[in-house]
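See structure below.
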Amino acid sequence: QVQLVESGGGLVQAGGSLRLSCTASASIFTFNIMGWYRQAPGKQRELVARISKGGITNYADSVKGRFTISRDNAKNTMYLQMNSLKPEDTAVYYCNTVVATLDWGQGTQVTVSS
């Protein structure tokens, strides 16, 4: 079973930046559409960024222009660069495939203070 491990979260002031990382225990990034999701307290998990096998990226309107998804297939690692963070970005962030999701990892907490 593939394991996904997210890291890089933390506490940051509004306007700040964070870079999240996602490492997989197997080479899945090359063969799957991958995404970053987030779940805020009391809300459903939502997909905020995705990257296709060919490297095409898409973003939720709420993060467009501020977040950048990328991946390094050789390192089995995916990233989410988050700039101009807002308090409403506060959530637990997860990575996973976009189609037929794998078991979810622990996620990484991002807290943005106003």
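Here is a check on your reading of the model: is I28 open to solvent by 30 Å² or more (accessible area, probe 1.4 Å), of a type in the set (V, I, T) and modelled with pLDDT under 95?
no
May I ask you to say which residue of Q81, Q106 is at pLDDT 95 or above, open to solvent by 30 Å² or more (accessible area, probe 1.4 Å) and assigned to a strand (DSSP E or B)?
Q81
Looking only at the stretch 17-33, count how many residues are of a type outside the set (A, V, I, L, M, F, W, C) and over 18 Å from F67 (Cβ atoms).
Summing the residues that are of a type outside the set (A, V, I, L, M, F, W, C) and over 18 Å from F67 (Cβ atoms) in the stretch 17-33 gives 5.
Those residues that are assigned to a strand (DSSP E or B), at pLDDT below 95 and surrounded by 16 or more Cβ atoms within 10 Å (Cβ to Cβ), I need them from the stretch 60-77; list them, please.
R71, T77
If you go through the stretch 20-59 one residue at a time, how many are charged (D, E, K, R) and in a strand (DSSP E or B)?
The number of residues fulfilling the criteria is 3.
Consider only pairs whose beta carbons are under 7 Å apart and that are at least six residues apart or on different chains; among these, list those whose first residue lies in the stretch 1-16 and is open to solvent by 90 Å² or more (accessible area, probe 1.4 Å) and whose second residue is of a type in the set (S, T, N, Q) and at pLDDT 95 or above.
L11/T111; L11/S113; Q13/S113
Please determine, by comparing only the residues of the stretch 87-101 that are in contact with a strand residue (DSSP E or B) (Cβ under 6 Å, 6 or more places away or on another chain) and part of a loop (DSSP other than H, G, I, E, B), which one is nearest to K43 (Cα to Cα).
Step by step, filter the stretch 87-101, then rank; the result is T90.
Being at negative phi, among the small types (G, A, S) and touching a residue at least 60 places away in the same chain (Cβ under 8 Å) is the requirement here; does G54 meet it?
no
Open to solvent by less than 30 Å² (accessible area, probe 1.4 Å), among the basic types (K, R) and touching a residue at least 60 places away in the same chain (Cβ under 8 Å): does that describe R38?
Spelling it out, R38 is indeed open to solvent by less than 30 Å² (accessible area, probe 1.4 Å), among the basic types (K, R) and touching a residue at least 60 places away in the same chain (Cβ under 8 Å).
The values are calculated or read from the model by the stated rules, or taken from the named source; none is laboratory data. All of these numbers come straight from a predicted model, not from anything done at the bench. A quick note on method: Cβ atoms are made from the backbone with ideal geometry, for glycine too, and the neighbour counts reach across all protein chains shown. Side chains are part of the model used for accessible areas, which takes the heavy atoms of the whole protein and leaves out ligands, DNA and RNA. Shrake-Rupley method; radii C 1.70, N 1.55, O 1.52, S 1.80 Å.
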